[in-house]
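Below is the structure I would like to discuss, written out as structure tokens.
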Amino acid sequence: MSLSFEAMSLTLRGRKILSEISGRFQPGKVTVILGANGAGKSSLLSCLVGLREPQGGSVTLDDRPLLSLENRERGRLIGLLPQRPDIHWNVDVKTIVGLGRLPHAGRWGMSATDHEAVAKAMIATDCTGLADRQAMRLSGGEQGRVLLARVLAGEPQWLLADEPLASLDPAHQFDVLDRLKNYAKSGNGVIVVLHDLTQAARIADNIMVLKEGSILAAGPREEVMTAEVMGQAYGVEVQITTSSTGEPLVVPVRRL
Amino acid sequence: MKAIRLNGLLAIALVAGMLLSLAAGKVWVAPSTWWSDDLSGLIIMELRIPRTILGAAIGAGLGTAGAAMQGYLRNPLADPGVFGVSSSAALGAVTSLYFGFAMTPWLLPVFALIGAGIGMGLLALLAGRSGSLILFTLAGVIIASLAGSLTSLMISLAPTPFATTEIVTWLMGALTDRSWDDVKLAVPLIVIGMVFLMATGRSLDALTLGEDAARSMGVNVLRLQWLAVIGVGLTVGASVAAAGIIGFVGLIVPHLVRPFADHRPSAVMLPSALAGALLIVVADSMVRILPSVSELRLGIAMALLGAPFFMVLLFKMHRELA
């Protein structure tokens, strides 16, 4: 099981977003994608999910070109948690989470397996108590959990999350990241775009750093999460220390 | 189970409404004489039955089209009438009247279908993908006013006063004196359109989570767009061709059934069809029963009913957003 991309280029409206980048993600690990605004993180994710077709190069999933996969099969293998929480109709939480089974469900509704997966996802995200609430009326933190449950319900081998911490308070940030970490521990690949360097250092097994559409660095966390790489990526001076309880602290201190 | 109960209740109400529609009118026809060979039987066979079937089909088509458009555009205010699809269909139909093609009966529906398809296609092109309420509303308003002014142009340039009258009365929308020919022409097209729209159900559900999430779950947005354009084009085009513009059905009906159908776009579709059919059949019976010198046009009646409803809806949304 592997997800990789080879010499991938993406140009949008005449602007080069990604220039011939290559990389590989490992299952069972959390890979955090870092980089300044406009470095191409979200574009890379959308190419990996198949939402965008790169002009050059290719994405390969288990030795098969991603674009050769049928839409629903791709949907079963790769799950995406988009950046913006987007809920349109006044549907209840269990319906929202059930939507995650769409790539699996047969023509006539959900099977027992589907219901089981939904229940499991809701337990994993602590949403069971919200099942009958209307998703639109939940708080931002609760919505974040529900939408994560939606992706987990699809049981994808690869879970891609685009800035899942945006608008979450610290406690809910820990909740979401721990759930992603657990999902990776059970053998699935997790790829997360983050902006918070401390959270990135805490959760990442591997880190991939983008700068202006190219890969600046990629590898195990200890090798990539250095003051030097972060300085180059963001143009800020970064201090990396350890908290009194042994957690990594990555703090930007000034602009370079 | 909830869905079965809702649809069952609506289906029973629809049957009752259709029976009322058979009996009701300037001449009341008692059920006992429905199958007789005299005038009563003739009224039923040649006037009331086709009119009732046509009304039910048009209501069902417009209800489904409204539900599908609201789901596709993720916009509770979407409706084929409010946003120019009906006026585009009418423009197509009026074009055929203007050129005197009305002699060839199948040309008017064809023109109406093309008009509706172009209107819906433009709407999808201008605003469908962005999902932006403002952009969408503007696009709809522009399409509606463009089609409206071109229609006015046709009327003012009409070659004979007869053509003018023909166009104007036809535009007002009615089911008066519709025959089996209209049924044979419109109903199959509406049914095919509804099949297209019903096929969008699951994709519309996925769109509840936004376009990126929907696509990541395997929804083919292009296919969805075509299903919606063809489905709305067929249902609305055929409805307008058979009965002129009957507005607001597609707006009102999905709103009324949504709270009883879990709010899920796919679950709203069938109840909207049934309730739309019920609404038109009952409204058309009322129009016939109301004591007035000439029959009130159904299109006008629906607008009188629908416009205030639309305003209440806007007020409600305004309050929720405030």
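The values are calculated or read from the model by the stated rules, or taken from the named source; none is laboratory data. Values in this document were obtained by computation on a predicted structure and should not be read as measured data. Methodologically, a virtual Cβ is constructed for each residue, glycine included, from the backbone with ideal geometry; neighbour enumeration extends over all protein chains shown.
Between residues in segment A:105-119 that are closer than 24 Å to B:T200 by Cα and residues that are aliphatic (A, V, I, L, M) and outside any strand (DSSP E or B), which pairs lie under 6 Å by C-beta distance while being six or more apart or on different chains?
A:D114/A:A105; A:V118/A:V97; A:V118/A:A153
Here's another thing I want to ask about it. Could you tell me whether any residue of segment B:164-181 is in a helix (DSSP H, G or I) and farther than 30 Å from B:R48 by Cβ?
Yes: segment B:164-181 contains one or more residues that are in a helix (DSSP H, G or I) and farther than 30 Å from B:R48 by Cβ.
Mind telling me which of the residues A:V209, A:V192, A:V146, A:V176 ends up being assigned to a helix (DSSP H, G or I) and in contact (Cβ under 8 Å) with a residue 40 or more places away in the chain?
Answer to the check: A:V146.
Let's see how each residue does on (1) surrounded by fewer than 24 Cβ atoms within 10 Å (Cβ to Cβ); (2) touching a Gly at 6+ places or on another chain (Cβ under 9 Å); (3) over 29 Å from B:V141 (Cα atoms):
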| site | (1), (2), (3) |
| --- | --- |
| B:M45 | yes, no, yes |
| B:A60 | no, yes, no |
| B:P80 | no, yes, no |
| B:V85 | no, yes, no |
| B:V110 | yes, yes, no |
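Let me ask something additional. Would you please name the residue that is farthest from the other protein chains (Cβ to nearest Cβ), looking only at residues in segment A:120-142 that are touching a residue at least 40 places away in the same chain (Cβ under 8 Å) and touching a Ser or Thr at 6+ places or on another chain (Cβ under 9 Å)?
A:G140
For segment B:116-134, give me each residue that is surrounded by 16 or more Cβ atoms within 10 Å (Cβ to Cβ) and modelled with pLDDT of 75 or more.
Within segment B:116-134, B:A116, B:G117, B:I118, B:G119, B:M120, B:G121, B:L122, B:L123, B:A124, B:L126 meet the criteria.
Can you tell me how many residues within segment A:84-103 are outside any helix (DSSP H, G or I) and either modelled with pLDDT of 90 or more or within 8 Å of another protein chain (Cβ to nearest Cβ) (or both)?
12
So that you can scan it fast, the table gives a plain yes or no per residue for (1) under 17 Å from B:A242 (Cα atoms); (2) crowded, with 24+ Cβ neighbours inside 10 Å; (3) aromatic (F, W, Y):
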| site | (1), (2), (3) |
| --- | --- |
| B:F260 | no, no, yes |
| B:P265 | no, yes, no |
| B:V268 | no, yes, no |
| B:D284 | yes, yes, no |
| B:S294 | no, no, no |
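Pairs, please: C-beta under 7 Å, at least 6 apart or cross-chain, first residue assigned to a helix (DSSP H, G or I) and in segment B:194-215, second charged (D, E, K, R)?
Between residues of segment B:194-215 that are assigned to a helix (DSSP H, G or I) and residues that are charged (D, E, K, R), the close pairs are B:D205/B:R264; B:L207/B:R74; B:A213/A:D86.
Working only within segment A:52-77, note down all residues that are buried (at least 18 other Cβ atoms within 10 Å of the Cβ) and facing chain B (nearest Cβ under 7 Å).
A:R74, A:G75
What single numbered condition from (1) touching a helix residue (DSSP H, G or I) at 6+ places or on another chain (Cβ under 8 Å); (2) within 14 Å of chain A (Cβ to nearest Cβ); (3) at pLDDT below 90 fails to hold for B:T208?
Condition not satisfied by B:T208: (3).
Now for a separate question. Criterion first (assigned to a helix (DSSP H, G or I), within 14 Å of chain A (Cβ to nearest Cβ) and under 19 Å from the mean Cα position of the chain (by Cα)) does B:R223 satisfy it?
Taking the combined requirement at face value, the residue does not satisfy it.
Something else now. Given the conditions (1) away from chain B (no Cβ under 14 Å); (2) closer than 22 Å to A:D205 by Cα; (3) crowded, with 16+ Cβ neighbours inside 10 Å, report the number of the one that A:S46 does not fulfil.
Result: A:S46 passes all but (1).
Based on this model, can you work out whether A:G231 counts as part of a helix (DSSP H, G or I), modelled with pLDDT under 95 and of a type outside the set (S, T, Y)?
Considered against the rule, which asks whether it is part of a helix (DSSP H, G or I), modelled with pLDDT under 95 and of a type outside the set (S, T, Y), A:G231 comes out as yes.
If you don't mind, there's one more thing I want to ask. Please state which of the following conditions A:T11 fails to meet, knowing it meets all the rest: (1) away from chain B (no Cβ under 11 Å); (2) in a strand (DSSP E or B); (3) touching a residue at least 60 places away in the same chain (Cβ under 8 Å).
A:T11 satisfies every listed condition except (3).
Would it be correct to say that B:G231 is closer than 15 Å to B:L73 by Cα, buried (at least 24 other Cβ atoms within 10 Å of the Cβ) and more than 9 Å from chain A (Cβ to nearest Cβ)? So that I can check it myself, show each step before the final result.
Details: closer than 15 Å to B:L73 by Cα: yes; buried (at least 24 other Cβ atoms within 10 Å of the Cβ): yes; more than 9 Å from chain A (Cβ to nearest Cβ): yes.
Here the answer is yes, as B:G231 does meet what is asked.
Based on this model, can you work out whether B:A174 counts as surrounded by 15 or more Cβ atoms within 10 Å (Cβ to Cβ), among the hydrophobic types (A, V, I, L, M, F, W, C), in contact (Cβ under 8 Å) with a residue 40 or more places away in the chain and touching a Lys or Arg at 6+ places or on another chain (Cβ under 8 Å)?
It is true that B:A174 is surrounded by 15 or more Cβ atoms within 10 Å (Cβ to Cβ), among the hydrophobic types (A, V, I, L, M, F, W, C), in contact (Cβ under 8 Å) with a residue 40 or more places away in the chain and touching a Lys or Arg at 6+ places or on another chain (Cβ under 8 Å).
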